[in-house]
Amino acid sequence: MYIPPMEIALPGDKSLTHRALLLAALASGTSVIEDPLTSLDARTMAALLRRLGVSVSPMRGRTVRIGGVGLRGLRQPTTTLHCGNSGTAVRFLLGVLAGAAPPFTARLTGDASLRRRPMRRVTAPLRLMGASFVELAGDGLPVVVHGRRLQSIVYQPDVASAQVKSAVLLAALVAGVEVTLREPVASRDHTERMLRSLGVPLAGNAQAVTLSPVESIQAFSMRIPGDPSSAAFPAAAAVLAGRGEIHLTQVGVNPTRIGFFAVIERMGAQVDIANVTDWMGEPVGDVVVRASSLTATTVPREEVPSLIDEIPMLAVLASMAEGTTTFEGVSELRVKESDRLGLLAANLAAVGKRCAVEGDTLTVEGSDRAPAGAVETAFDHRMAMAFAVMDRIPGASVRLSETASPEVSYPGFFADLDEVAPLG
Ligand code: S3P
C-alpha cells in the first residue's frame with residue numbers, strides 16, 4: 001500500500017530559545033526572535049527575565065521582542081525566582097546572577113522535580129570564580145545567590161554538560177573576565193555558536209573553549225529552527241507504526257544534537273538530511289526518515305551527550321528491535337526531569353519488555369510482542385512522549401499516568417502524534 005509522505009513542522013528548539021531569550025536580555029537594544037518555542041519551559045524563562053527587569057513581549061505567536069538591559073543591567077528581583085521545571089533556566093541564571101554587580105541578591109527555586117536536581121555542578125565552578133551562594137537544601141534548590149565580582153578560571157567539569165559549560169561562560173560574559181573550559185566529551189555547543197555570532201571572542205575547539213571579555217553585545221534578530229529532540233518523537237512514531245516516510249522540515253542539525261538520527265540509522269531506518277543552511281551559526285536542514293524493521297545497536301558513552309534527551313525514545317525503539325541494545329555511560333539520566341534510568345527500566349518492565357540497569361549501563365532486550373500495561377511518567381515530558389509513541393505501535397495498549405507534561409517542551413505533541421500514527 002502506498003502511504004504519502006507526511007510533513008511535520010516542529011516547535012522551536014528549546015535549547016536555542018532559552019539562549020536567545022537570555023542573550024537578548026543581556027544585549028543592548030531590542031532583539032527580535034522568530035519562531036521561538038512557546039512551551040511551558042520557554043514561558044518560564046521569559047517570565048523570569050521579566051522579573052529581572054527585562055521587557056519581553058508575550059510568548060504567543062511567531063515573534064517575541066526583548067528589550068535588552070545590557071550585560072550588567074539586570075534588576076534585583078523582589079521575591080523568589082520560580083524556575084518551574086526548567087533546569088536550563090535555573091542553571092543559566094545561577095551563572096548570570098553570580099556575576100551581577102553587588103549588592104544583588106536573588107533566591108531561586110523550582111517545582112518538586114527541579115528542586116531535587118543537582119546544582120553544585122554549577123555552583124562549584126562559579127565559586128572558584130568568586131561567586132557567593134547559600135544552599136538551602138544541600139545539592140538542590142532553593143539556592144540564594146549574592147552578586148560578586150568574579151575572576152578568571154580554567155575549569156574541567158566531571159560531566160559533559162552544556163548547562164554547566166554555559167553557566168560558566170555566561171558568568172564570565174557578565175563579569176567581563178576570561179574563562180577556559182575543557183570538556184571530557186563535547187556537549188551541545190549552542191552557547192558558543194551564538195556568542196561567536198554576536199561577536200564575542202571564543203577561541204578553541206569542541207573540547208576546550210576560551211571566552212574573552214567584551215564591553216557589550218548588540219541586539220540581534222534570530223529565527224529558531226525546529227527542535228531535533230522533539231523531532232525524535234514523530235520520527236520514532238513513523239518508524240514504529242510502519243508509516244512510510246516522514247519529512248521534518250527546518251530542524252536544527254547541529255552535530256552535537258543529532259545522535260538520535262545516527263542511532264536509528266544504525267538500527268536500520270533510512271535517514272536523509274538535506275537543504276542545510278546556516279541560521280546564526282547553527283546548521284538547519286530538512287530530515288527525512290523512512291521506516292524499516294529495526295535491529296539492536298550499542299550506544300557508546302562518547303555518543304551519549306549528542307542524544308542525552310532522546311534515550312527514553314531510543315529505549316522504546318530498542319524494545320521493539322531484534323536483539324539487545326546497550327546504552328553505555330548513561331548515569332546522567334538519573335538527574336534529569338525524573339530518574340529516567342530507574343523509571344525507564346520500571347516502565348519497560350510494566351509493559352512486558354525486558355531490560356536491565358547495571359552500573360551506568362542500560363540494556364534493552366527487543367521483542368516484537370506488542371507492549372501492554374500502565375506506565376508512570378513522573379510528570380517528565382520526555383518519558384510521557386516516549387511511551388505515548390509506544391502506545392501507537394499496532395496492537396499496543398500503553399496507559400500513561402498523565403498526558404499534560406509534553407506541554408513542557410512540545411506544544412501540540414498529541415496533534416502531531418495523531419497525524420503520524422493515528423490511534424487504532
Ligand atoms: C541542555 C542541556 C542538557 C539537556 C537539557 C538542555 C541545554 O542538559 O539535557 O535538556 O540546553 O544546554 P545537560 O547539559 O545537563 O546534560
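Observations, loosely collected:
- Residue match in the stretch 9-22 (condition: in contact (Cβ under 8 Å) with a residue 40 or more places away in the chain, open to solvent by 10 Å² or more (accessible area, probe 1.4 Å), part of a loop (DSSP other than H, G, I, E, B) and not basic (Lys, Arg)): yes
- Residues that are under 21 Å from the mean Cα position of the chain (by Cα) and assigned to a loop (DSSP other than H, G, I, E, B) within the stretch 37-89 comprise Leu37, Thr38, Ser39, Met59, Arg60, Arg62, Cys83, Gly84, Asn85, Ser86, listed in sequence order.
- For the stretch 153-170, the count of residues that are away from the ligand (no atom under 13 Å from the Cβ) and in contact (Cβ under 8 Å) with a residue 40 or more places away in the chain is zero.
- Inter-residue pairs, beta-carbon under 6 Å, first in contact (Cβ under 8 Å) with a residue 60 or more places away in the chain and hydrophobic (A, V, I, L, M, F, W, C) and in the stretch 75-97, second within 14 Å of the ligand (Cβ to nearest atom) and open to solvent by 10 Å² or more (accessible area, probe 1.4 Å), 6+ apart: Ala89/Thr44
- Options Ala219, Ala269, Ala237; residue that is over 30 Å from Gly424 (Cβ atoms) and either at pLDDT 95 or above or away from the ligand (no atom under 16 Å from the Cβ) (or both): Ala219
- If you go through the stretch 322-373 and keep only what is over 21 Å from Ala384 (Cα atoms) and within 15 Å of the ligand (Cβ to nearest atom), you end up with Gly329, Asp360.
- Of all the numbered requirements in (1) within 18 Å of the chain's Cα centre (by Cα); (2) under 27 Å from Gly12 (Cα atoms), Ser331 misses one, and that requirement is (2).
- Extreme residue, nearest to the ligand (Cβ to nearest atom), among residues of the stretch 177-189 that are closer than 27 Å to Ala101 by Cβ and open to solvent by less than 30 Å² (accessible area, probe 1.4 Å): Leu181
- Residue list for the stretch 36-92, restricted to those being within 13 Å of the ligand (Cβ to nearest atom) and either open to solvent by 10 Å² or more (accessible area, probe 1.4 Å) or touching a strand residue (DSSP E or B) at 6+ places or on another chain (Cβ under 8 Å) (or both): Leu37, Ala42, Asn85, Thr88, Val90
- Residue check for Leu126: in a helix (DSSP H, G or I), in contact (Cβ under 8 Å) with a residue 40 or more places away in the chain, aliphatic (A, V, I, L, M) and touching a helix residue (DSSP H, G or I) at 6+ places or on another chain (Cβ under 9 Å): yes
- Selection within the stretch 377-419 - in a helix (DSSP H, G or I), open to solvent by 10 Å² or more (accessible area, probe 1.4 Å) and under 18 Å from Arg243 (Cβ atoms): Phe414, Ala415, Asp416, Asp418, Glu419
- Which numbered condition Arg117 misses (of (1) open to solvent by 20 Å² or more (accessible area, probe 1.4 Å); (2) modelled with pLDDT of 95 or more; (3) touching an Asp or Glu at 6+ places or on another chain (Cβ under 9 Å)): (1)
- Enumerated strands (runs of 3 or more DSSP E) restricted to the stretch 138-201, each holding at least 1 residues that are more than 24 Å from the chain's Cα centre (by Cα): 143-146, 153-155
- Flag for Val144 being among the β-branched types (Val, Ile, Thr), surrounded by 18 or more Cβ atoms within 10 Å (Cβ to Cβ) and either at pLDDT 95 or above or within 15 Å of the ligand (Cβ to nearest atom) (or both): no
- Consider the stretch 202-244 and keep the residues that are out of contact with any strand residue (DSSP E or B) (no Cβ under 7 Å at 6 or more places or on another chain) and not in a loop (DSSP other than H, G, I, E, B). The one that is most open to solvent (accessible area, probe 1.4 Å) is Leu240.
- The lone exception for Glu358 - which of (1) in contact with a helix residue (DSSP H, G or I) (Cβ under 7 Å, 6 or more places away or on another chain); (2) more than 25 Å from Ala9 (Cα to Cα) it fails: (1)
- Strands (runs of 3 or more DSSP E) contained in the stretch 245-326 and holding at least 1 residues open to solvent by less than 40 Å² (accessible area, probe 1.4 Å) and free of Cβ contacts under 8 Å to residues at least 40 places away in the same chain: 270-279, 282-290
- Verdict on Thr297 being within 30 Å of Phe220 (Cβ to Cβ), at pLDDT 95 or above and β-branched (Val, Ile, Thr): no
- Matching residues, the stretch 190-201, being within 16 Å of the ligand (Cβ to nearest atom) and open to solvent by 30 Å² or more (accessible area, probe 1.4 Å): Arg193
- Qualifying residue in the stretch 336-349 (condition: over 30 Å from Arg120 (Cβ atoms) and open to solvent by 10 Å² or more (accessible area, probe 1.4 Å)): yes
The values are calculated or read from the model by the stated rules, or taken from the named source; none is laboratory data. All figures in this text were calculated on a predicted structure; none of them were measured in a lab. Quick reminder, even Gly has a Cβ in these numbers, built from the backbone with ideal geometry, and neighbours come from all protein chains shown. Heavy atoms of the whole protein, side chains included, go into the accessibility calculation; ligands, DNA and RNA do not. Shrake-Rupley method; radii C 1.70, N 1.55, O 1.52, S 1.80 Å.
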